[in-house]
Each structure stands twice: as C-alpha cells, then as structure tokens.
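Below you'll find the structure, written out as structure tokens, and then a few comments.
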Amino acid sequence: MDRIRIVGGNELHGVIPISGAKNAALPLMIASLLTDDTLTLENVPHLADVEQLIRILGNHGADISVNGRRERQGESYARTVHFTSRNIVSTTAPYELVSKMRASFWVIGPLLAREGRARVSLPGGCAIGTRPVDLFIEGLTALGASIEIDGGYVNATAPAGGLIGGRYTFPKVSVGATHVLMMAATLANGTTVLGNAAREPEVVDLAKCLNAMGAKISGQGTSTITIEGVRSLSGARHRVLPDRIETGTYAMAVAMAGGDVILEDTEASLLDTALEAIRRAGAEISDTNNGIRIVRDGAGIRPVDIVTDPFPGFPTDLQAQFMGLMTRSSGVSHITETIFENRFMHVQELARLGAKISLSGQTAKVEGVSRLKGAPVMATDLRASVSLVIAGLAAEGETMVSRVYHLDRGFERLEEKLTRCGAHVERVSD
Ligand code: UD1
C-alpha cells in the first residue's frame, strides 16, 4: 500500500494549478442519468472517487468516454468526460458499489425521477459520524415518492404519473439532500420549493448545469430554491468549478511552510471565510487575474479561533487542515466542529507529531508549539489525511503518512503539486 513521505522544513515557492472540484464533479456526473442525451463535463479531476462513480454510472447503463486529448494545466490534467445514458439498464445501486462512496447514494434522485423507481443501498464513505439519510427520504416523500427501507436498501417508487412538485424545508442544511431533491424535482410534474437549502457553490454549479440541460431552477445560492418541473432534459456541456477545498488546503500549506505561491485557476470568492482566517493567522492573500497569491514570510503563525458552518461559513472540509496550521501558532486557538459529530480523528495523529490538542465536546483547544517532529502517522479520512501532510511540511525530519488511499480520493497529484513548489514530498510504494 502506498505511503507519502514528507521531509519538513522547506518553504513553498511557485505555482499550484487547482483542479476541478470533486464535490461538484460527483453530483454533475450523477445528473447525466437524467437525460438520454450526452452530458459533457470539462475540468473533471482525476480522482479515485470519480473513477468509482464512473463504475457506478456504468452499472446503470451510462456509456462514458474520457477524451483521449487531455487538457494540459501545468502539471495537472483536467479531463473532459462524456456521459450518455441512452437507456437505464438497472435502477439498483448495489451495496458493493455504494458502500465505497457515500455520494453514490445520490443516484436515487435521477433514477426515481426518470424511471419511477430506485433501489439504492444505504451508503458508506468517510467515517466521520453517523451520516443518516433521513432528509433524502423525507424530501423525496414530499415529492410523492413511496419509500421503504429493507435489508440495507432504500426502495423508492414514484406515483404512476411520475414525481409531483412539492414543498420541502430541510430541518438541517444538507448539501447532498439539496443536490438530490433539486435533481429529482427537475422532471417532476409541477413546481417544487426547497426551503433551508444548502447554498454551497457546488449546489449553484449543479443548478447551472441542470439549467443548461433545460431545467428551470431559480434561487440557487440562496436558501430557497424553486424548480419548475419539465418533461425532459437534454444534453449540455459544462465546466466543473474550481475546487475550493483544494484551494484552501494549499493556501494553508503555504501559511504553514512559509513562502510565496500562486494558486491558479481558482477564485477567492469560493472561500472567503477560510481565506480570512488564514489572513488573520498571518499570511498575505491577494487576487491575481486567474487565482490567488499567498505569501507568508518571516512572521510567525497567529492563533485564530474558527467554527465550521454551512456555506458561507468556514467549511468543515477545511477544519482538519486549519487545525494542522494552528498546531504551530504562537498561542491558543479553539476549533469548533458543528457539521459532523466525529470529525476529530486527526487529533491523535497530529499529537504524534508533537501537537498539543485537547478535546472538549465539539471543540478542540490547540496550544501552539514551537516545533513539530516528524513521525509515522495514519490517514483516517480524506480531509484528515491532508492535515497530516500540512503538519509534516513544518515538522523536523521525516513524516510518513500511511493509508494514503484516503488522499487519493480527493487530492489530484498532491505530491507532484507540492514538490514543484520545493517541498520534499514523495510517494513510496511498498
Ligand atoms: C457534502 C460533501 C462533504 C462535506 C459536507 C458538508 C460531497 C461529495 N461531500 O457531504 O465533503 O463535508 O457536504 O459540507 O459533496 N444529515 C442528516 N440527514 C441526512 C443528510 C445529512 O442528518 O439525510 C446530516 C449529516 O450527518 C451532517 C449534516 O447533515 O451532520 C451535513 O451533511 P451533508 O451536507 O448532507 O453532507 P454530504 O452532502 O454528505
């Protein structure tokens, strides 16, 4: 199994190309099941989760081709992928496939809308809390679906004439349930109004693509989304938006290691709250014509408190990385996680590098230390694993991160992107 070896101490200087967002690419790919026409997605990141979803969509009958010509983007490759689901050959998403990635559960929306039924295994994915599916079930029920859970599967059936537009207000903000209900409602009879919807940029990106396919969605980016059902959707061509989590991760890596780096093909407006926290920690951040420049020279890292929240708040997917940064701050910071109840598995691994962190409920108290020392550590989930890389960049000596398949789920060519900026990071295959 591959491991990542980091020798800390080098500053970062150069350019890092930011990939298309994993969390946008996945729902966009799933949206291709809504039409018998071809959906072409540009800027699709090459990640284990994307490959897994390609297998899942293939199981439902999608014909998928990746452009032979790869679009060059610095050292990274953004691929153009064509999805054509002329016929849905199976409305069942089996346990073996869905358990590997939670987002694959989301096929329930398009399958139900287009075929009138879906049988989808309860999901797996990152071990960060219980992550139930009650909101999906309540929401789809509000569109007229009958749903029962049997033997680990969710069996959903639409009324004879198809789903019916309805009103549903989420009791809690959910990105995934917003994606699914928005997709399902595009083909429903009548108008659907979703209240307390997620406002994440990936939701806006999905709405934009669905509208290009002929859907009638408005209000995306606000907490009320209105979807007027249409009879059918057509193909379209859509470019996946930049990955704000990857952007924030590299910004934090530069803030940690010091240096001067341009993050290319991204937008500061996708992550204002996180960039503000990094600025308060002592880095200078400015816009360039195609991205963001981040500089930290000489000055130490200041302690900053953060609380994770749905967009536009501080993203939970950057919480672990920010904790990595705070381990070297000059004081005490508090990091509060409000989205997932068990998202502190990186704490004990960061402690192996010499970090001083104590947990009290959903808040971590991080007492900055003047030095971290390299050690063997284990990746526990996707975002936690990259916090160990960030800490390793500033640790003395060698940090060896095992279980890097977690990293490969969400970070395209991480070691290459960091190495090009002067870091000592390499993949070791046993
Ligand atoms: C998405 C992102 C993930 C990110 C998360 C929050 C993708 C592929 N994943 O995950 O990276 O960390 O948003 O920004 O885009 N909940 C329920 N019942 C439900 C659904 C969710 O209680 O039916 C809860 C969850 O347990 C969690 C909270 O709602 O506590 C938010 O989860 P949600 O926004 O749905 O996360 P995902 O869409 O799974």
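Taking the average, over residues, of other Cβ atoms within 10 Å as the packing measure, peptides 318-325, 34-41 rank 318-325, 34-41 from highest down.
May I ask for the longest run of the chain untouched by trypsin sites (Lys or Arg not before Pro) that are loop-located per DSSP and have at most 16 neighbouring C-beta atoms (other than their own) within 10 Å? Maximal segment without exposed cleavage sites: 232-370.
Per-residue SASA remark: residue 305, around 80 Å² accessible (1.4 Å probe; ligands, DNA and RNA not included). Think of it as helices only: each DSSP H run of n ≥ 4 in the chain is worth -39500 (n - 2.57), and spread over all residues that comes to -8500 deg cm²/dmol at 222 nm.
The spacing between region 90-120 and region 159-226, judged by their C-alpha centroids, is 18 Å. The gain in end-to-end length when the residue 334 to residue 218 segment is fully stretched comes to 38.0 nm, 0.36 nm per residue minus the alpha carbon separation. By the rule of a C-alpha distance below 28 Å, with chain neighbours fewer than 8 residues away ignored, the lysines paired with residue 356 are 365, 373. Here the gap between residue 360 and residue 234, fully extended at 0.36 nm per residue and compared with their Cα-Cα distance, gives a gain of 40.3 nm. For the pair residue 172 and residue 160, the difference between a 0.36 nm per residue extended length and the Cα-Cα distance amounts to 1.3 nm. Calculated FRET efficiency, residue 89 to residue 286, Cβ-Cβ distance, R0 = 56 Å: about 0.65 to the nearest 0.05.
How high is the relative contact order of the chain, given as a whole-number percent (alpha carbon pairs under 8 Å, six or more residues apart)? Don't skip to the end; give the middle numbers.
Details: 1106 pairs, mean separation 89.3, N = 430.
That works out to 21 percent.
Spin-label pair residue 371-residue 65: with each label point 7 Å from Cα along the Cα-Cβ axis, the two points sit 5.9 nm from one another.
The values are calculated or read from the model by the stated rules, or taken from the named source; none is laboratory data. Nothing here was measured: the structure is a model prediction, and the numbers come from that model. Positions of Cβ are backbone-derived with ideal geometry, glycine not excepted, and every protein chain shown enters the neighbour counts. Accessible surface areas use protein heavy atoms only, side chains included; no ligands, DNA or RNA. Shrake-Rupley method; radii C 1.70, N 1.55, O 1.52, S 1.80 Å.
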